[in-house]
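This report concerns only the one structure given below.
The values are calculated or read from the model by the stated rules, or taken from the named source; none is laboratory data. Here the structure is a predicted model, which means the values were calculated and not measured. Cβ coordinates were reconstructed from backbone atoms using ideal geometry, including for glycine residues, and neighbour counts include every protein chain displayed. Accessible surface areas use protein heavy atoms only, side chains included; no ligands, DNA or RNA. Shrake-Rupley method; radii C 1.70, N 1.55, O 1.52, S 1.80 Å.
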Amino acid sequence: EAEVAQSPRYKITEKSQAVAFWCDPISGHATLYWYRQILGQGPELLVQFQDESVVDDSQLPKDRFSAERLKGVDSTLKIQPAELGDSAMYLCASSFIEKTGYTFGSGTRLTVV
Amino acid sequence: GIQVEQSPPDLILQEGANSTLRCNFSDSVNNLQWFHQNPWGQLINLFYIPSGTKQNGRLSATTVATERYSLLYISSSQTTDSGVYFCAVELEDTGRRALTFGSGTRLQVQP
């Protein structure tokens with residue numbers, strides 16, 4: 001079964017450092033999402049791409065977070081500088097067309113110390 | 001924005017018991033999914049069910065879109081069913097096509 005690939009699986013970084021996460025969606029999935037999940041809560045959308053274009057980044061803290069999907073395939077989410085409150089699980093998901101389900105990757109668990 | 005409420009927040013069962021998890025949502029939706037998040041954080045898609053009833057083994061789900069709720073049934077529960085169950089919805093007729101999650105039901109199945 002096709003999967004959404006994410007790396008790294010775990011990341012520990014010091015406050016004020018830069019950190020990046022990578023996501024490779026299921027082949028052919030035009031829509032890609034980055035979600036953040038704080039411990040004990042449900043995931044919340046950070047950014048949504050349709051091919052290489054950003055559709056929704058209204059919840060992305062743009063002073064420190066950036067996301068790109070240059071060729072409309074894989075995507076990178078960056079945080080610079082990282083803050084203690086950024087410690088969370090970062091989940092990537094993709095979907096094919098409307099009215100179909102989303103598939104999530106295994107996530108990157110970030111700890112900022 | 002859309003509100004997604006799940007109940008109960010926590011549930012403890014003995015192995016073999018049945019359970020029903022509920023999801024209420026405040027607006028019309030064109031996508032509703034149930035996910036199981038395992039202890040390693042992986043979100044596993046259980047059902048894509050904007051309306052109607054589906055079954056997959058010991059699990060089944062029903063969504064009554066006109067009354068804005070969905071139910072997830074777990075029968076003959078096993079310890080491997082433990083984890084957090086999330087309901088997530090996507091608003092109808094908006095340009096923002098992304099899932100909004102509830103706060104989850106944490107299930108613990110004891111042997």
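Annotations for the structure displayed:
- Chain-alone versus full-assembly comparison, the stretch A:87-113, residues with accessible loss of at least 50 Å² (1.4 Å probe): A:Lys99, A:Tyr102, A:Phe104
- Per residue accessible area in Å² of the stretch A:34-113, where ligands, DNA and RNA are left out and the probe is 1.4 Å: 47 Å²
- Protein accessible area in the stretch B:4-110, 1.4 Å probe - carbon and sulfur %: 47 percent
- Rounded D (µm²/s) - chain A, Kirkwood Rh over Cα pairs, Stokes-Einstein at 37 °C, 0.692 mPa s: 235 µm²/s
- Measuring r between the beta carbons of A:Ile38 and A:Glu68 and using R0 = 22 Å, the FRET efficiency lands at 0.40.
- Size of the A/B contact, given as accessible area buried on both chains, probe 1.4 Å, in Å²: 1800 Å²
- Average beta-carbon neighbours from other chains, 10 Å sphere, peptide B:101-110: 2
- Table column - 3J(HN,Hα) (Hz), the stretch A:81-89, Karplus curve with 6.51, -1.76, 1.60, x for Gly and Pro: x, 6, 10, 4, x, 7, 4, 4, 9
- Trypsin sites (Lys or Arg not before Pro) within the stretch A:40-86: DSSP coil, no more than 16 neighbouring Cβ in 10 Å: A:Lys62, A:Arg64, A:Lys71
- The Cα trace of the protein assembly as shown gives Rg and Dmax of 17.5, 50 Å, the first to one decimal, the second as a whole number.
- Of the solvent-accessible surface of chain A, computed with a 1.4 Å probe and all protein chains present, 49% belongs to carbon and sulfur.
- Taking amide hydrogens as placed 1.01 Å from N in the peptide plane, the amide H of A:Asp56 sits under 5 Å from those of A:Gln48, each at least 5 positions away in sequence or on another chain.
- Rolling a 1.4 Å probe over the heavy atoms of the protein chains gives the stretch B:4-110 an accessible area of 45 Å² per residue.
- Our summary gives the stretch A:55-113 a relative contact order of 27 percent, counting only alpha carbon pairs under 8 angstrom and 6 or more residues apart.
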